[in-house]
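Written below as structure tokens is the structure these notes are about.
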Amino acid sequence: MAAKACTPSIWACCWPKCSSCQGPTPMQPGELIAGDRGARAQQGDDLARAWAVLGQVMDPEVPVVSVVDLGIVRDVDWRAGHLHLVVTPTYSGCPATEVIEGDIRQALEQAGFTTPDLERRLTPAWSTDWISELGRERLRAYGIAPPQGSASKRSLLGEAPQVCCPQCGSAHTELLSQFGSTACKALYRCRECLEPFDYFKCI
């Protein structure tokens, strides 16, 4: 049986209108048909779900804060039908960068996001200013003093941080070493409770 010729549908660019005219009425510029609105709503729900999944991906060096808490994930959006993420490592030579990106891919794929696209972006450079308030509280509860003040203010004015002990809260602390357990931390000691602790340096 020969295939019948088909007339292209115009419903994607026109709205039916209830009037004496039986023909469809052209849509207003920028107006969305119901199917498009539903697709946009679904994409928005999926983005919210992706952010929730990322909130469970922990930093391998500080396993109580997520990549969202640290501000490593800068953007999540849809591009050409795939989830697109912009990721900025804490510093360009961070040895955990590939591990973090692998953990992000695995978590998203397990949640049903197939072949997520990760873009590693180094400019602007990551700053401790991007750490969320929740992330700072989690660092403190873990025994790491969170960064104090603003990175930009410190770089301009050279202000020394007032580091409080995460154990007892005392501001009577002293610097032992510019480098702690990792390059992004400094080693301090509290003069009140005498406990040593890491301080997440403000950069």
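The values are calculated or read from the model by the stated rules, or taken from the named source; none is laboratory data. All figures in this text were calculated on a predicted structure; none of them were measured in a lab. Note that each Cβ is placed from the backbone with ideal geometry, even for glycine, and that neighbours are counted across all protein chains shown.
Please work out which one of (1) more than 19 Å from D69 (Cα to Cα); (2) free of Cβ contacts under 8 Å to residues at least 24 places away in the same chain is the condition E98 fails and give its number.
It is condition (1) that E98 fails.
Report yes if F179 is modelled with pLDDT under 95, surrounded by fewer than 14 Cβ atoms within 10 Å (Cβ to Cβ), in contact with a Leu (Cβ under 8 Å, 6 or more places away or on another chain) and not hydroxyl-bearing (S, T, Y), otherwise no.
yes
Taking the options P147, P63, name whichever one is of a type outside the set (V, I, T), closer than 24 Å to R189 by Cα, in a loop (DSSP other than H, G, I, E, B) and not assigned by TED's automatic domain parsing to the domain that holds Y188.
P63
What are the residues in the range 97-128 that are among the hydroxyl-bearing types (S, T, Y), in a loop (DSSP other than H, G, I, E, B) and surrounded by 14 or more Cβ atoms within 10 Å (Cβ to Cβ), if any?
S127
List the residue pairs whose Cβ atoms are under 7 Å apart, where the first residue sits in the range 130-148 and is in contact (Cβ under 8 Å) with a residue 12 or more places away in the chain, the second is in a helix (DSSP H, G or I) and among the polar types (S, T, N, Q), and the two are 6 or more positions apart or on different chains.
Sorted first by the residue in the range 130-148, then by its partner, the pairs are P147/T128.
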